[in-house]
Every structure is written in structure tokens, then in C-alpha cells.
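The values are calculated or read from the model by the stated rules, or taken from the named source; none is laboratory data. Just so we're clear, the structure is a prediction, and the values are computed from it rather than from any experiment. Because the Cβ atoms are built from the backbone with ideal geometry, glycine has one as well, and the counts that use them run over all protein chains shown.
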């Protein structure tokens with residue numbers, strides 16, 4: 001078998017009856033999370049390149065922590081261009097990350113993992129956008145963030 005590996009010790013027969021009785025429902029997009037506000041935790045932030053334009057891009061993987069849709073994932077993609085840099089800076093600022101130089105961003109990405117945010121999901125037609133609303137909880141000092149204790153009010 002070319003490129004296919006089957007472990008002969010795996011026995012699927014116990015599942016035959018359950019499989020036969022499963023009813024296939026109409027396809028529903030697995031990421032059909034409605035528009036609204038959600039509390040999320042940053043699972044991952046990647047600095048990558050856009051496949052279509054080749055521009056640098058931040059790809060955020062966000063895990064919903066609130067009761068509704070808990071543990072479901074949302075993704076935020078933010079291309080980095082001269083025109084979008086103000087939005088990138090705004091996103092990072094909401095996350096508590098103030099950089100002396102933008103080129104230092106790759107070294108600070110790990111500090112964003114685990115960050116808790118409130119986001120707003122907005123859809124227009126087939127496209128949806130994730131907006132960072134505010135940071136929740138606290139961020140340890142030294143990770144580029146500001147502790148809640150340092151907020152003057």
C-alpha cells in the first residue's frame with residue numbers, strides 16, 4: 001500500500017453496529033460560531049506569510065473560555081502592511097504588549113500565549129472578523145504586559 005499504513009492489531013469490528021446506526025446530518029460548518037462577544041484565551045500566535053500576497057501576517061488561535069461555545073476555536077488573521085500597522089499596534093496594545101521596535105515582535109510572541117481577552121466576532125457575508133475588545137485578567141510583568149496593579153484606576 002503506497003503511503004498508507006494500517007496497523008493490523010487495530011480491530012474496528014466493535015464499532016460496526018454503532019457506525020451503521022449513525023445518521024448523517026446535513027453539513028453544518030464546524031466553525032459556525034455566531035457573531036457576538038466572547039471571552040477567549042490565546043492558544044497560539046504565529047508570525048507567518050500570507051499565502052495570497054506574501055505579506056507578513058499574524059495568525060492568532062483563540063480558544064473560547066466562556067460557557068457558550070467553550071473550547072471552540074476562532075482564528076484571527078492580521079496582515080502586516082504599512083496600511084494595517086496601526087491595527088496591528090492596536091491589537092498588541094490591547095494585549096499589553098508595547099514594543100520599542102516592531103522588529104522585536106518575534107521574541108515577544110511567546111508572552112502572548114495564555115493571555116485572556118474579550119473579543120467581538122463580526123461577519124459580513126461569508127467573511128468574518130475578530131476584534132480585540134479588551135484584555136481580561138492580568139499579565140505577569142516582564143512579559144511585555146502591564147499588571148492590573150499598575151493601572152491607575
remark   = Those residues of region 20-34 which are loosely packed, with under 12 Cβ neighbours inside 10 Å, modelled with pLDDT of 85 or more and assigned to a loop (DSSP other than H, G, I, E, B) amount to 34
ask   = Looking at region 73-125, which of its residues are farther than 20 Å from residue 49 by Cα and in a strand (DSSP E or B)?
value = 73, 116, 117, 118, 119, 120, 121, 122, 123, 124
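Yes/no per residue for (1) in contact (Cβ under 8 Å) with a residue 12 or more places away in the chain; (2) closer than 22 Å to residue 32 by Cβ; (3) in contact with a helix residue (DSSP H, G or I) (Cβ under 7 Å, 6 or more places away or on another chain):
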position: 52; (1), (2), (3): no, no, no
position: 57; (1), (2), (3): yes, no, no
position: 71; (1), (2), (3): no, yes, no
position: 77; (1), (2), (3): yes, yes, no
position: 88; (1), (2), (3): yes, no, no
position: 104; (1), (2), (3): no, no, no
position: 111; (1), (2), (3): yes, no, no
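Suppose we filter 97, 47 for residues that are surrounded by fewer than 13 Cβ atoms within 10 Å (Cβ to Cβ) and in contact with a helix residue (DSSP H, G or I) (Cβ under 7 Å, 6 or more places away or on another chain); which single one remains?
47
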